[in-house]
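Working notes, beginning with the structure itself.
Read-outs throughout are calculated quantities, based only on the coordinates presented, and are distinct from any laboratory measurement. Quantities reported herein were computed from a predicted structural model and do not represent experimental measurements. Here the Cβ is made from the backbone with ideal geometry for all residues, glycine too, and neighbour counts use every protein chain on show.
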Amino acid sequence: MRYARFKTAAVLGGLFALALLFFGLNVFIGSAKFSFGEAAARLLSGDAIMWKIRAPRAMAALLLGGALALSGYLLQVFFHNPIAGPFVLGVSSGAKLAVALLMITAAAAGRTLTSVSMVGAAFAGSMLSLGLILLISQRVGRVSLLVVCGVMIGYICSAATDFAVTFADDADIVNLRSWSMGSFSGTDIDSVAVMAVIVPAASICVFLLSKPIGAYRLGEGYAKSSGVRVGLLRAALMTLSGLLAACVTAFAGPVSFVGIAAPHIVRLLLGGSKPASLIPACFLGGGIFCSACDLIARLAFAPTELSISTVTAIFGAPVVIAVMLRRKRGEAV
């Protein structure tokens, strides 16, 4: 028992240290090359490159990566499916479509969008996609078919978004194409301020549900016998997952595979799946995963920058394949 607690504390401490490390790397390393001392001096002096470009982007990678990992974890719990995630089930694509339509409409009307309105549109789109998946899940018995249906919904939403973007040539939405591919580029301090309210608040709510989530994972019958209001819990899981995924899509566009890969990686590190320890580990793991991938996206082919989804797919897809192979062999995931 003591060893398990020590291991959990060690893993959480290590993840926290890695999160700080990658945050620092993203702030101190970039296309504009400074020595460590010069970068530190610029940071302390309030340099625009450090505080208006690098620091907001680094913070966004940590917050939104953590949000994606938690959203994926909640969907895996909700559907009892180890490869459920906001990107695979089309949740991110639904949010992307809603935000793209809002941006195009606002640009045509000459209006400026606020961060809150973008999150609201993304939340509406994500909840519509989740609602469709929920309806399908009631009629489809096999998990594999549910995933296929989610992928198809994602393709439909992505096709509709691409169609809208193709005919949207207004100068005010020139960055819409890069956003629709997934990117932390262009994140400003005002956007980070909104993220810093929504993501931690939703994450705390998820953590407070640790005990009922633990009971629900053992089966609905067990959860009901433990006093868990299953209907209310399922509604909370869906709402929180949709909100977290929506916040990511509103600010960074769709980011693939983080919501699936990060929960499984931290579960292997912890050697267990108790929600009270897995939830904070998921948040930290998702933040580290996105921060590392964003660093690669910026520097691998500098000055050309890759979309964040390109890099997360390269490192996240093998994790999904491994999970599916383990599931086929009948091993616990």
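For this structure, a couple of remarks:
- Cα shape, the stretch 12-142, gyration tensor, a/c 1.5 rule: oblate
- Here each label is just a point 7 Å from Cα along the line to Cβ, and for L218 and A41 those points are 6.1 nm apart.
- At full extension, V148 and R234 could sit 28.8 nm farther apart than now, given 0.36 nm per residue minus the alpha carbon distance.
- Span-like helix ranges in the chain, DSSP H, alpha carbon extent 24 angstrom or more, Kyte mean at least 1.6: 91-109, 143-166, 189-208, 230-252
- Here the ratio of the Cα radius of gyration of the stretch 62-328 to 2.2 N^0.38 Å is 0.97.
- Principal semi-axes in Å for the stretch 11-72 [√(5λ), Cα gyration tensor, largest first]: 25, 14, 9
- Projecting the Cα atoms of L101, T161, A9 onto the charge dipole of the chain, computed from C-beta unit charges around the Cα centre, puts A9 farthest toward the positive end.
- Placing unit charges on the Cβ atoms only, positive for Lys and Arg and negative for Asp and Glu, gives the stretch 176-333 a dipole magnitude near 820 debye about its Cα centre.
- Over the chain, relative contact order from alpha-carbon pairs under 8 Å, at least 6 apart, %: 31
- Once the chain from M181 to T310 is taken as fully extended at 0.36 nm per residue, the excess over their C-alpha distance is 45.6 nm.
- Taking a sphere under 13 Å around the Cβ of D188 and counting the other residues whose Cβ falls inside, with K and R at +1 and D and E at -1, yields a net charge of +2.
- Expected 222 nm ellipticity per residue - DSSP helices of 4 or more, -39500 (n - 2.57), all of the chain, to 500: -25500 deg cm²/dmol
- On the beta carbon distance between L208 and Y155, with R0 = 35 Å, the FRET formula returns roughly 0.50.
- Approximate spin-label separation A322-A193, in nm, with each point projected 7 Å along Cα-to-Cβ: 4.1
- Looking at the stretch 232-332, the trypsin sites (Lys or Arg not before Pro) that sit in a DSSP loop and have at most 14 other Cβ atoms within 10 Å of their own Cβ are R329.
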